[in-house]
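The values are calculated or read from the model by the stated rules, or taken from the named source; none is laboratory data. Just so you know, these numbers come straight off a predicted model, no measurement behind them. Cβ sites come from the backbone with ideal geometry, for glycine too, and all protein chains shown count toward neighbours.
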Amino acid sequence: MSSPELESLTWLAIHGRGVINTAHSSQIALTLSQAGVSAGREAFYYMRYDDSPERVQLPFIYYAVFGNPKIKMILPEEVEPIGNVFDTIAVLDSSLLVKSTSQRALLLDGAKKNASLVVNTSLKPEVILRLVKKYGCAHDWDGRIFTLRAKKYGKNIAYGMIGAIARAMEPLVTIEHVIDSLESTEDQREAIEAVKTAYDESESIKVSLKASDCEQYRKVAPPSKDANASGAKPVPWNRESYLKIKRAVADAPTYEQRMKTMPSWEQIAPALIEFGPKVGERNFGFKTSFARTFRPVIDEAKCINCKLCHIFCPDGAINFDPIKVDYDYCKGCGICANVCGSNAISMPHELAALEGLDEEEFLTIREALIEYAY
Amino acid sequence: MSKTSQVSVQKSVQKRRVWTGARAVAEAVKLADVDVIAAYPIRPYTGIMNSLATMIAGGDFYAEYLVCDSEHSQFEVVKHASAVGARTFVGSSGTGLIYGTEAVITTALGQLPVVGVVGCRSLDDPGNFGMEWNDAFLFRDVGWLMNWSKDPQEALEMTLVAYRIAEDERVLLPHFVALDGATITHVASPVIPPKKELVDRFLPPYKQPHPLDPSYDTVSKAMHIAPSLIGPEQRKSLDAAIKRAKNVVIPEAWKAWSDITGKDVDPYFESMKMEDADYALVSMGAYSRNVDYIVEKLRETGVKVGSLRLKYFRPFPTEELKNILKDVKGVGVIDFSFSLGSPGNGSVLSNEVKTALYDAENRPILMDFIFAGGREMTLTELENSTKQLIESVKNGRVDKPVRWVTVRGDDE
């Protein structure tokens with residue numbers, strides 16, 4: 001949904017993974033919306049996801065939207081906004097810096113030019129900037145990066161994040177408004193203390209990025225001619241034309257570009273039929289790697305080629321011969337590492353595997369399992 | 001504990017809570033002091049049952065909370081609970097609701113004032129959980145009352161008023177409160193909850209006049225009675241009940257609600273700038289707020305357009321609608337449903353509006369804007385649709401009365 005009205009509102013996007021982050025994000029969005037209401041704005045929030053976030057480690061985005069004093073009426077709806085709308089982007093799990101949600105392949109896709117980024121991480125803001133430059137941005141960015149280790153401020157990472165986000169969102173909401181909206185929480189005293197400390201302690205740097213400095217910039221094609229808008233009658237579906245469109249949709253780096261590439265009703269494959277994978281191939285229209293926090297790495301020296309990992313992989317993401325992980329489909333569940341008899345598979349954090357970074361702020365699968373007793 | 005914050009926030013503002021529609025309805029159920037709740041999960045209505053379970057677990061209020069094995073059992077449970085005199089709450093969405101169909105229909109025939117929520121959801125093409133009205137519309141003919149809320153605040157109020165209407169002895173019909181899935185159920189926006197004392201004054205305890213209880217000498221009708229013996233009479237008594245609801249009970253209930261809250265609300269419509277309107281946009285539910293926005297925007301350019309939101313779909317306020325639209329030249333129906341192969345190949349709501357206007361003295365030009373399929377509406381599309389309506393009225397004819405607005409591709 002694209003309209004000037006949406007851009008005139010103030011948007012907070014909260015990226016996270018899995019059930020525990022969902023609960024945290026809902027608390028963050030609620031507290032900040034309530035603070036916005038206290039500050040005299042209209043406010044609402046909602047969650048978007050492509051697949052069920054109840055499943056362990058799947059990413060989601062919470063949006064909290066604040067009214068503009070000039071536009072009295074805001075439209076409380078669940079929309080995936082198109083255009084440069086986000087003022088603040090909060091990230092609860094830093095593995096999302098490398099690969100964001102399925103809606104937003106780039107973390108800063110849809111961000112305003114002066115957007116603030118708030119990340120729960122043990123890494124320095126400068127390192128976060130390097131990651132954003134490499135993976136998450138494709139437009140000019142003159143904003144700020146805030147980092148904090150949210151776990152430091154209590155078991156519930158929401159409070160630490162609320163403090164840091166409140167700082168990033170000033171002056172729309174002030175820390176006083178935020179504290180006021182925490183009044184009805186159970187562990188009020190602890191919460192207020194955590195929020196205040198995090199507000200004071202989060203680190204921040206100013207950022208100035210040119211689009212052309214970003215590695216992803218090259219992949220974002222200039223807006224292609226919209227076939228549907230040009231007035232030409234779309235070609236009715238056939239296997240080849242459909243596959244071509246499907247490939248373009250799968251490769252679109254931004255949400256806006258993806259929406260422009262989606263097929264019309266004449267071009268779409270009929271009924272419940274879908275084309276794509278040939279026997280032995282995987283469906284390129286349904287890559288699922290965005291769920292991964294930990295990356296299975298096979299040590300070939302130790303591997304005895306027993307094929308157990310191939311057999312047990314629930315997503316069929318490990319090729320049979322030779323044994324090889326297809327990282328476009330691996331969700332990082334770790335079953336392969338568990339069944340491997342020769343300890344040939346290790347599960348480093350995405351940031352460690354890709355960038356050699358030692359991220360300490362993340363939710364392990366074990367933690368998720370314990371808390372939710374799956 | 002002492003208050004640590006030094007805040008200059010007005011306390012009156014603070015009273016507005018930011019709640020999702022699901023949470024707001026759960027609060028209404030708590031305020032109504034419901035006895036029996038039957039739950040089975042399906043997005044997007046599930047949030048209501050989640051909130052209720054949390055409240056009950058936390059000791060906020062007590063109700064018999066049953067997690068059933070399917071939607072069919074859900075509706076059976078509340079049907080029977082209501083028959084013996086319990087105030088009940090139930091709900092579902094999309095295909096789940098349809099799985100409960102048999103029990104849903106017999107609840108109406110049993111004249112049992114169950115209140116249910118429909119979190120409107122697209123009928124299932126794979127994984128579609130967008131907003132569409134077809135799931136609720138499937139039950140439009142069987143005797144359930146149905147209203148459509150526009151935001152969490154109204155969802156809360158409509159749920160409370162629904163109990164009063166459904167349980168009125170002149171009505172005794174089940175009542176669906178429709179919440180647009182996602183756009184109301186999952187979007188949190190400011191709500192001012194009514195005070196418990198007010199609700200208690202408004203909503204007397206439910207008294208089933210003929211409870212299915214041996215001490216009242218009641219038994220249920222034998223299932224194998226030849227259908228022709230009571231079939232027509234049973235339906236006719238529902239017909240009489242829903243007419244009484246339409247003409248007497250619903251206006252009464254909303255009048256009582258207005259008296260208590262101090263807000264003067266029309267039971268059947270919310271209209272904006274309709275007094276001198278040449279063009280009317282008729283809608284229901286959450287997106288009527290977008291319609292209001294577009295109406296305000298176009299009014300600034302001098303176009304005499306108005307917005308009319310239907311609050312009740314069953315009973316359908318035919319005479320009232322005819323009256324409001326009597327001087328209007330063009331009507332655009334903003335419809336989130338489809339009715340394939342129906343007269344005009346339009347959608348459900350527009351067909352209803354058309355029927356209502358059939359014997360009007362001045363029949364306006366009617367256009368049907370279909371937003372089916374669960375995709376969200378954009379303001380631009382809505383504005384363009386309105387302009388198409390205005391142009392059609394100016395030309396004095398409609399080239400294409402039914403338009404699929406959000407669809408990609410040629411709208412043939």
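Brief remarks on what is shown
- Selection of first residues in segment A:302-321 that are assigned by TED's automatic domain parsing to the domain that holds residue A:332 and without any contact (Cβ under 8 Å) to a residue 60 or more places away in the chain and of second residues that are assigned to a strand (DSSP E or B) and surrounded by fewer than 16 Cβ atoms within 10 Å (Cβ to Cβ), restricted to Cβ pairs under 9 Å at least 6 apart or on distinct chains, gives the following pairs, ordered by first then second residue: A:310/A:319; A:318/A:324.
- Tally, over segment B:32-41, of residues that are crowded, with 22+ Cβ neighbours inside 10 Å and more than 12 Å from residue B:52 (Cβ to Cβ): 1
- The set of residues in segment A:159-171 being among the β-branched types (Val, Ile, Thr) and either assigned to a loop (DSSP other than H, G, I, E, B) or not assigned by TED's automatic domain parsing to the domain that holds residue A:89 (or both) is empty.
- Consider segment B:114-129 and keep the residues that are surrounded by 24 or more Cβ atoms within 10 Å (Cβ to Cβ) and in contact with a Ser or Thr (Cβ under 6 Å, 6 or more places away or on another chain). The one that is modelled with the highest pLDDT is B:114.
- Here residue A:73 meets each of (1) touching a Ser or Thr at 6+ places or on another chain (Cβ under 8 Å); (2) at pLDDT below 90; (3) facing chain B (nearest Cβ under 9 Å) with one exception, condition (1).
- For segment B:1-48, the set of residues classified as farther than 18 Å from residue B:160 by Cβ and either away from chain A (no Cβ under 14 Å) or at pLDDT 95 or above (or both) consists of B:38, B:39, B:40, listed by residue number.
- Residue satisfying condition, being in a helix (DSSP H, G or I), out of contact with any Leu (no Cβ under 7 Å at 6 or more places or on another chain) and closer than 24 Å to residue B:21 by Cα, within set B:256, B:182: B:256
- The set of residues from segment B:24-67 being acidic (Asp, Glu) and outside any loop (DSSP other than H, G, I, E, B) comprises B:27, B:64.
- When each of B:78, B:29 is tested for being surrounded by 24 or more Cβ atoms within 10 Å (Cβ to Cβ) and touching a helix residue (DSSP H, G or I) at 6+ places or on another chain (Cβ under 7 Å), the lone residue that passes is B:29.
- Subset of segment B:270-294 [buried (at least 24 other Cβ atoms within 10 Å of the Cβ), more than 11 Å from chain A (Cβ to nearest Cβ) and of a type in the set (A, V, I, L, M)]: B:277, B:280, B:281, B:282, B:284
- Flag if residue A:286 is under 23 Å from the mean Cα position of the chain (by Cα), more than 30 Å from residue A:245 (Cα to Cα) and at pLDDT below 90: no
- Subset tally (residues that are assigned to a helix (DSSP H, G or I), loosely packed, with under 13 Cβ neighbours inside 10 Å and in contact with a Gly (Cβ under 9 Å, 6 or more places away or on another chain)) for segment A:172-216: 1
- Contact annotation: residue pairs with Cβ atoms under 8 Å, 6 or more positions apart or on different chains, pairing a residue in segment A:19-41 that is within 7 Å of chain B (Cβ to nearest Cβ) and more than 18 Å from residue B:186 (Cβ to Cβ) with a partner that is in a helix (DSSP H, G or I) and of a type in the set (Asp, Glu), are A:38/A:180.
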